[in-house]
Structure formats: structure tokens, C-alpha cells
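Asks: First the structure, then my questions, so here it is.
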Amino acid sequence: MSDFVQAVARRVGAEGEQAGEVLARHGVRESSILPRPHRLLVKRIAFTGEKAGKSTGPVDFSWDLDAGLWCVTADNLRGKSSILEIIWWCLRGSNDLQADVRHWIHHVHLNAQIDDEPFTVNVDTTGDQLAGSLTIGAQEYVTPFAGEAEFASVMGAFMMDRLGLEFLRGWRKDRTASAAGDEQDADGQVIVTSWPAFSHALLARNREGDALLGETAQGGTMISLLQMFVGLPWTTTRRDAKAALDLLQQSVKGQRRRAQQDLQARGTSLQQLEDQLARAREAAAQTDAAPSLEAAAAAIEQAGAHLAELTARHTDLVQQMQQTRQAEDELHETLVLDQARLRDLRETAVAQRFFGALKPTCCPRCSTALDQIPHSGLDEHHCRICGSAPTEAPVDTAATDDLAASVDTLGQAHQQAKKAARQAANAVTVSEAAMTQAHTALTAAQAAMPRESALRAHLEVARLEGALTERQAAERHAQQPQTQSMEEAVLDAAHKEANKRATAASEALLGKVSTEICRLAIRLGMTELQAVKLQGNGTLSVTKGDSKTTFTAVTPGEHVRLRIATLLALLRVGKETGVGRHPGLLLLDSAGAQETVDVDLAEVLSELKVICAETPDLQLITATAKRDVATTIISADNLKAAGPRDYIW
Amino acid sequence: MRRASRVQDAVRLLFVLDRCGAQCGPDTNGRVPQGSVAVVQGQKRLQALDFWLRNPDYLADELLNQVENGTAPDADWSLTKARALLEGDEPDISRYPMLRWRFGAWEALDDALALLFSHGLTAVEAVGEPPAKVERWDYYLLAAGRDLAAELRADAPDLAWYDERAAIVLAVAGQRSGTQLKELQYQQAEYERTVWKASISGITERVRERLERISGQRTGSDA
């Protein structure tokens, strides 16, 4: 376990292994030891093409170079900047050429080497189409590319690898989002510094005014470049830790925000859920206490059986009742008939007795008096109308008596039958009541059946418990975390530890660089300069004429001097202290563009020449419009010059 | 269908004439037979009176009609009589159904009347120009008939009910004509609906229910 990991672990009071694990998981690299610097040297630049527009004609340019100070000079707008830019384009892979140059150029060929490994870049353009190849090493391993994106990708991968550069991670806050809220809550994203950004260390132009190094001062580019010139130990670690911490905090913040939105979106509150759960638990307890489904079913079954039994008995009783009623009806009918017959018999007998005793007076048909009809002479006992003999037998009362006895018997039987029928009807009434009771009992048993099974009630409890747990978790996420998580703490500690170490390491180094910048800037003509201080974040404070100012506030001429001085100081200090990682190639465009006095450029070029001599592995390629100055100071071998109003190619 | 014996028919008619016959006035036109004491004018009236006598449920219902429409001279008496008529098996035992004929309930009277006539108990007179144009038959009770009725009333308990019932029939019918009585009897749905030549069925149960209802209303209103 490294000293750094242990230091981080001590800061958070955690086990070293745990801290190491967190750092590894978030890709926080330790960078106490810097890789050795590599050397980039351009050997030859050549290109062909066809000019169009005001000036026409074929183009065929080639220039062999080596270490040391090189200069291309011509009138302004005669192509000298284009040469530097074409070199830079080939090394970078990204198109930064001016539109007209890009238009007429057909073929570009660059020979260069990194350390002792040669490589060649060939690019062919036809209209908007681009194709080419990167050939590496003595074996001439060829990587073809088509299109600008692929060109950039191939050059980026090659350079990052061969120059031993690491991708630098940083964090950039989302400015547009923060406009609405406060800065603290703004989201951001991890940005990665790769070759297109690093490559700015190779080129210094006078177009940009605010940045000491590179194109702009934004997004940590300056620090990345500074890191490239003088590899400051622990800065990579610091950046890694910071980026990881920012990412983690954003993640936590997002989680909290989502949880809050989630909570708002969901209607039910924690309290509601708790109430629901309490009710569900109560219901479950009730279902547990209530008679079981089986018991209830058994009760229903029993009640049903009882009802069925009573119903059957009732049916029997009804049938019995109907039978007794029918018997009674039949008896009654017979009784009435017999009574009627008895009445007829008795009445007839009595009436006959009376009529028999009467003496008819006339024929009922003709009203003839009876003493005038033939039978009138017969005795008293014969019928005086029809002359029939008197009835011998007295009136037979036996039939009447029998019938009377039968009527008595029938009457008694009928009374009994009536009683039986009444009893049967009573039995039916009682049975009906019992049946109604049994039916009520069955209905009650059915009503007592548990409406929901205990299982369902328990399932509801489980569901609500789950919902409550989820809800509580959401609430926790939504709440402001009380303490940092271990991850956050470790990353925070790593950032602080790395920062401490980086600051300690860079202070001495930046002090040396600052001294060197001051010295070189004075040599380059800033005679009033008293002190320069380069800070770890890439800002440069300047003291001249007893007052403090900044890099961005000085005059354009001083800008150029300070920039060149800074570049050279970084190279030199890096070289001296063994932490310099710059590949040693510098493209200086229009070093004297802002100068109004020729001697100033002469001074700069002279000094650059001396500095190159002092610094063996440096290759400086400059472009200037001051042809006279250039030809005076730079040897013809190292100079590419065009005549007045001539194109350099 | 139950048929009464000839003597029963004779006894019944005798009591009807005795109880329901109008007292005979002085003989003004020489048509009233010698010794007549009462008369029922027209066969229609005689048949109608006989129908009520032998169908106690219809008689009871008419009593109830009179109670309800307020024409009963003594409502309590009517209700008591109606109840007695419907008592026990009496309606069935004393019922002698009649056929529905051209002008309502009808039964041939000749045999029974012949018995009464031949014994010198009654007389029958045709009104109009007999034998071709008889407008009406009038039935006279002679003094001998009244004597026999009195004798039967006193000495034959088995026959006494005819006399009692005839008295109720008179109370219901009064001296209304046969046509008026027929119309009254036709108001009974069962009577009216009976097809020609078929026996007119009883209405006992319906009248019993009606009696209970009316009695209940009366005791209710009395209270």
C-alpha cells in the first residue's frame, strides 16, 4: 500500500484497503513519479498543390529541418504562417488550416521522429475528401485513414502513446443550468483533456491575447499545458480525485433530486402509508381471530343439512296433511250425501203418511169428481183414481234407521278426520316455522363466512410494508445527507492530500520557472520587469515599474515577450530539473508581429538563437515578416525566405 | 242431480202458497175458485220463490243484499237468518238444484200440483183465453190446503223447516212480481252465467265470506 493511500485513509479514519478500493473504483491515479520526457523533431515538410484565385500556378514546396532555430520569412499574407500551420495540422490531425490553403493543397508529406523512432504523415486531399496514412518506425508500419475525424483519431492515439501523455480528467460545471439556480446546485460533466488540447503546447500564435499558453484560459487547459511543460507531481491525482468527487456529488445530488420529484409525484405520504399499514394489520389480526374458513364452511354445511332435513320432513307433513284433508273431504261428501238422502227418506215418509191419509176429490188431469169415475165403487183402501190395491206392507223404516246409523258413524268419522286434518295442518305450521328458523340459521352462517381470506389480508400487509420501505428509502434519498458517505470522504481526502502534495511539489518548481521567466523576458527586451510569479493554476502575475499587474493587462508587445519567455523558461527548467515533459518542438508564429522597432525582433531572434544553443534538444520554427532581420540573424541553412511580394512557395 | 220426491215437492209448494200467497180478495169477476184463501199470481213468481226456498245460499245472499242496500226491515234479523241458512252442512243438505230454463230457474210443477189439486188442497186458474191464449197461471191455496199446512207445521217436525224457510223467502221477496224477482236473481253471476238446461251451481263459500265481512263491519261500526 502506497504512502498516498495510507495518508488518505488516515484523513478519513478508514482502513487503507478500503480507501485504496474507493480510489481504484473511481480511477484516481497516483502520479508521484512522472514518465520520462520524449523528444519530437520535425525532419521534413513538403507539399504540392494548385493555387487558384488571384495567383495561380502549381505549388511544390519542401523544407528539410533539424534541431535548433529555424525561420521562415516573407511579406505578410505570403504563406509563411501556412507552413507552420500545415506542420501543426499534420502532427495534430485536426483541421485548423485557413480555408483557401485547405482548398488548394493536394498532397502533404511530413517526416518527423519521436525519440529515435521515425514517422511519416502523408495526406491527400481531393476537393472535400481527405485520405492518408501514418507510417511508423523503421519497419514502416502503415496506418491508413480516411476523413478528418479518422485522421485526428489516428494522430491523437499515436501522439498520446509515444509522448507518454495521460488523458486528464477534469470537471466542468454546466453554466447554462446554473443560471437559473445557485452555483452550488449546478450540474456539470467530466471533461477529458486529450491530444487536440495538448497539441496547443507546440504552437504559439499572436492571434490570441488572453491566454499565456494554448488558445484559451478555460476548462483547465492552461493547467494541462503547464503540466505538459513541467510535469508537476500529484496534479493528475488531484484532478482525478476532484473529478471523481464532483461526479459522485452530482450523482448524489441527482439521486436526491429525483427522489424529491418522485416523492412529489407520488400522492401518498409516509403517514398515509403508515395508517394504511396499521389498518391492514388490524384487518389481518381480525381475520386471524375470526372463525376459520373451514369452520365457517362446516357451519354452513351443517345448517344446510338441517334445512334439507326439515324441508324433507315438511314435504312429508304437507303430503300427510293433504291426504287427511282429502280423507276428510271425502268423508264429508259422503256424510252430506247420506244426510240428504236421510232427509229425503224421512220427509217423503212423513209426507206420504199425511197424503196417504187424505181422500182425493178429483182427477188432477180433468178435474172430474171421483164419485163419478169407475173406481168410485171400490173400498176405502184402494186408490180412488187409479184403482190400485192398497199397499200391504207398512212403511219400511229399516232403511231410514240404517241410514241414520250410517250418518252417525260417518259424522263421528268425519269429526275425527277433521281433527286429524287440523293436527296435520298444525304440524305443517310448526314445521314451516322450524324451516324458516333453519333458513335464517343458514343465512346467518353464510353471512358469518369470512369475506376475505387471512392470506389476502396478510398479502396486503406485506404489500404495504414493501411500499413503506420503498417510501422511507425515497425519503432518505430526498433528505439532505447528514454526513458524507465513505466514498465521498475518501475522494475528498484524496483530493486534499493530492492538492497538498502537488502544491508542495510545484511551489519550488514554479518558483524556479518564475525566476527564469523574469530573466528571459528581460533578455527579450522587457527591461522594466522586476518580478514574475507563475501560479499553479496557470495565472501569471507581473511586477514592473514598482506596480503589480497581470499577463492579460500588459501591452501586446510584452504579451509576445512574456509568452515566449514562459515557453522557454518552462522548457529550460523542465530540462534542468528532470521533470520537463515537453517534446521540444515549438512553432512560433510572427514573433515580431507586434513590434514597431526592428531591433526588438532582432533581439528576440538573437536571444532565441542563444537559448536554442543552450538547450540542445530544442527545435524552434518561427515565422516573421521582417525579412532583413531574419536574414541577418539566422543562417541561410536554417532560413526559408521569399523575395518582396513573392510567395514563399 | 238431486231430485226431491213428489210428495216433498208437494209439501214445499204447499208451504210456499201458504206463507207467500197473497190473501184472496172478494171474488169480483167469478174467477177465484170456491174456498180460496191465498194466491200466487204467475208461474214465474212461483218458480222464483221455489228457487230461493231450495237454494239457501242464494237466499242468504239476498238477505245480505238487503242489509247492505238498507232495504232490510231488520238487519240483525236478516243477518241471523243468513247465518242460520249457512250453518254447517245445511246449505248442502237442503239444496235441491234447479235447471236454468228460458226465463231462469225452472222445474216442472205439474206432478206436485196434481197431487195437491187432486186432494182438493189447491186450485189453478188460467188467465186469458184458455186453452189457446193463456196469459198467466194463478195458483190458489184452498182452505183444506191451509188446514193441512197447519197440521204439518204442528205434527211433522221433519217438515217444519219448509215452513220456516218459506217465511224467510216471503221476507225477502215480499209481494214483488215474478219478473221483478227474476231480475233480482239474474244479478247473481253464477246464476246468470249458467248455460241453458244446466244445473245452477251453489255460491255457499262466497256468501259465507260475505257474511263474515258484513258482520265484522257491523260489529266494528257498532263498537
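Asks: Would you please classify the overall shape of region A:332-393 from the alpha carbon gyration tensor, given that a ≥ b ≥ c denote the square roots of the eigenvalues, rounded means a/c under 1.5, and beyond that prolate means a/b larger than b/c while oblate covers the rest? Provide the component values of the computation, followed by the final result.
Replies: Numbers: a/c = 3.91, a/b = 2.60, b/c = 1.51.
Note, shape of region A:332-393 comes out prolate.
Asks: Tell me whether region A:456-558 comes out rounded, prolate or oblate; compute the Cα gyration tensor, take square roots of the eigenvalues as a ≥ b ≥ c, and use a/c under 1.5 as the rounded threshold.
Replies: Taking the square roots of the gyration eigenvalues as a ≥ b ≥ c, region A:456-558 is prolate.
Asks: Once phi is turned into ³J(HN,Hα) by the Karplus curve 6.51 cos²θ - 1.76 cosθ + 1.60 with θ = phi - 60°, what whole-Hz value does each residue of region A:610-621 show in order, with x for glycine and proline?
Replies: 5, 4, 4, 5, 5, 10, x, 8, 8, 10, 10, 10
Asks: Have a look at B:115, B:70, B:141 and report the one farthest towards the positive end of the charge dipole of region B:1-154, computed about the Cα centre with Cβ charges (Lys/Arg +1, Asp/Glu -1).
Replies: Most positive-ward Cα: B:115.
Asks: Relative to the first principal axis of the alpha-carbon coordinates of chain A, what is the inclination of helix A:486-523, with its axis defined by its Cα atoms, in degrees from 0 to 90 and to the nearest 10?
Replies: 20 degrees
Asks: Taking loop as defined by DSSP and a crowding limit of 12 other beta carbons within 10 Å, which GluC sites (Glu not before Pro) in region B:80-181 fit? All intermediate terms of the calculation are to be shown ahead of the outcome.
Replies: Numbers: sites: B:87, B:107, B:125, B:135, B:151, B:164; in loops: B:87, B:107.
In loop regions of region B:80-181 (DSSP not H, G, I, E or B), the sparsely surrounded GluC sites (Glu not before Pro) are B:87.
Asks: Next up: Using r as the Cβ-Cβ distance of residue A:191 and residue A:288, and R0 as 41 Å, what FRET efficiency do you calculate, to the nearest 0.05?
Replies: Given R0 = 41 Å and the Cβ-Cβ separation, E is 0.10.
Asks: Determine by what factor the alpha-carbon radius of gyration of chain B differs from 2.2 N^0.38 Å, reporting the quotient.
Replies: On the way: Rg = 17.9 Å, N = 223, 2.2 N^0.38 = 17.2 Å.
Normalised by 2.2 N^0.38 Å, the Cα Rg of chain B equals 1.04.
Asks: Still on this structure: Putting +1 on Lys and Arg Cβ atoms and -1 on Asp and Glu Cβ atoms, find which of A:56, A:155, A:280 reaches farthest to the positive end of the dipole of chain A.
Replies: Positive-end residue among those listed: A:56.
Asks: At a Förster distance of 56 Å, what's the computed FRET efficiency of residue B:3 paired with residue A:305, Cβ-Cβ distance as r, to 0.05?
Replies: That gives a FRET efficiency of 0.40.
Asks: Indicate the residues belonging to region B:99-121 that lose 30 Å² or more of solvent-accessible heavy-atom surface (probe 1.4 Å) upon moving from the chain alone to the assembly of all protein chains, ignoring ligands and nucleic acids.
Replies: Residues losing area: B:117, B:118, B:119.
Asks: What does the convex hull of the alpha-carbon atoms of the protein assembly as shown project to on average, in nm²?
Replies: Numbers: hull surface 342.9 nm².
Value for the protein assembly as shown: 85.7 nm².
Asks: Considering amide H positions built from the backbone, and no H for Pro or chain starts, which residues 5 or more places from residue A:640, or on another chain, come under 5 Å of its amide H?
Replies: So residue A:640 has HN proximity to A:71, A:72, A:73.
Asks: Any chance you could look up the accessible area of residue A:355 with a 1.4 Å probe, heavy atoms only, rounded to 10 Å²?
Replies: Surface accessible to solvent at residue A:355 totals approximately 10 Å².
Asks: Here is a further query. Just counting partner chain Cβ atoms within 10 Å, what average do the residues of peptide B:146-155 show around their Cβ?
Replies: That average works out to 1.
Asks: Can I ask one more? Let me know the charge dipole size of the protein assembly as shown about its Cα centre in debye, to the nearest 20, where only the beta-carbon of Lys, Arg (+1) and Asp, Glu (-1) is charged.
Replies: Computed charge dipole of the protein assembly as shown: roughly 2720 debye.
Asks: Right, another one. Compute the distance in nm between two label points, each set 7 Å from the Cα along the Cα-to-Cβ direction, one at residue B:167 and one at residue B:71.
Replies: Taking the two extended label points, one gets 2.3 nm.
Asks: Moving to a separate point now. In region B:1-95, what is the volume of the convex hull around the alpha carbon atoms, normalised per residue and reported in Å³?
Replies: Convex hull of Cα atoms, per residue: 137 Å³.
Asks: How far is helix A:454-478 tilted off the main Cα axis of chain A, in degrees rounded to 10, range 0 to 90?
Replies: That helix lies at roughly 20 degrees to the long axis.
Asks: Measuring from centroid to centroid over Cα atoms, what is the spacing of region A:324-339 and region B:150-223 in Å?
Replies: Measuring centre to centre over Cα atoms gives 25 Å.
Asks: Further question: Which whole-number value in Å² is the accessible area per residue of the protein assembly as shown, probe 1.4 Å? Show your work: numbers first, answer last.
Replies: Values: 43690 Å² over 872 residues.
With the other protein chains kept in place, the protein assembly as shown gives 50 Å² per residue.
Asks: Still on this model: Ballpark to the nearest 100 Å², how much total accessible area do B and A bury together, probe 1.4 Å?
Replies: Adding both sides of the contact gives about 2200 Å².
Asks: From the helices alone, meaning DSSP H stretches of at least four residues, give me the mean residue ellipticity at 222 nm for chain B, per-run term -39500 (n - 2.57), in deg cm²/dmol to the nearest 500.
Replies: -17000 deg cm²/dmol
Asks: Now for a separate question. What percentage of the solvent-accessible surface of the protein assembly as shown, computed with a 1.4 Å probe over protein heavy atoms, is contributed by carbon and sulfur atoms?
Replies: Answer for the protein assembly as shown is 51 percent, counting heavy atoms of protein chains only.
Asks: What do you get for the angle between helix A:556-577 and the principal long axis of chain A? Use alpha-carbon atoms, 0 to 90 degrees, nearest ten.
Replies: So the inclination is approximately 90 degrees.
Asks: A follow-up question, please. Counting other Cβ atoms within 10 Å of each Cβ, which GluC sites (Glu not before Pro) in region A:303-395 have at most 12 and sit in a DSSP loop?
Replies: Answer by residue number: A:380, A:392.
Asks: Which percent, nearest 5, of DSSP beta bridges in the protein assembly as shown are antiparallel?
Replies: 80 percent
Asks: Counting DSSP beta bridges in region A:511-637, what percent are antiparallel, to the nearest 5? Present the calculation step by step, with values, prior to reporting the outcome.
Replies: Working: 9 of 14 bridges.
Taking every DSSP beta bridge with both residues in region A:511-637, the antiparallel ones total about 65 percent.
Asks: Considering all alpha-carbon pairs of region B:90-184, what whole percent are spaced by more than 20 angstrom? Spell out each step's value before the answer.
Replies: Values: 2469 of 4465 pairs.
When all Cα pairs of region B:90-184 are counted, 55 percent exceed 20 Å.
Asks: How many Cβ atoms of partner chains, on average, are near each residue of A:353-364 if near means within 10 Å of its Cβ?
Replies: Working: counts 3, 10, 10, 1, 2, 8, 3, 7, 7, 4, 3, 10.
Counting other chains' Cβ atoms within 10 Å and averaging over A:353-364 gives 6.
Asks: Please name whichever of A:616, A:511, B:154 sits farthest to the positive end of the charge dipole of the protein assembly as shown, dipole taken about the Cα centre and charges placed at Cβ: Lys and Arg +1, Asp and Glu -1.
Replies: A:616
Asks: Ignoring the sites themselves, what is the longest stretch of chain B with no trypsin sites (Lys or Arg not before Pro) in a DSSP loop and at most 10 other beta-carbon atoms within 10 Å? Before the final figure, lay out each step's value.
Replies: Details: sites that count: B:102, B:197.
My reading of the result: B:1-101 is the longest stretch.
Asks: While we're looking at this one, here's another question. Filter the trypsin sites (Lys or Arg not before Pro) in region A:392-474 to those in DSSP coil with at most 11 other Cβ atoms within 10 Å of their Cβ, and list the result.
Replies: Sites meeting the loop and neighbour criteria: A:451.
The values are calculated or read from the model by the stated rules, or taken from the named source; none is laboratory data. Just so it is clear, the model here is predicted, and its values are computed rather than measured. With ideal geometry, Cβ positions are generated from the backbone for all residues, glycine too; neighbour counts draw on all protein chains shown. For the accessible areas, the whole protein counts, side chains as well, though only heavy atoms, and no ligand, DNA or RNA atoms are used. Shrake-Rupley method; radii C 1.70, N 1.55, O 1.52, S 1.80 Å.
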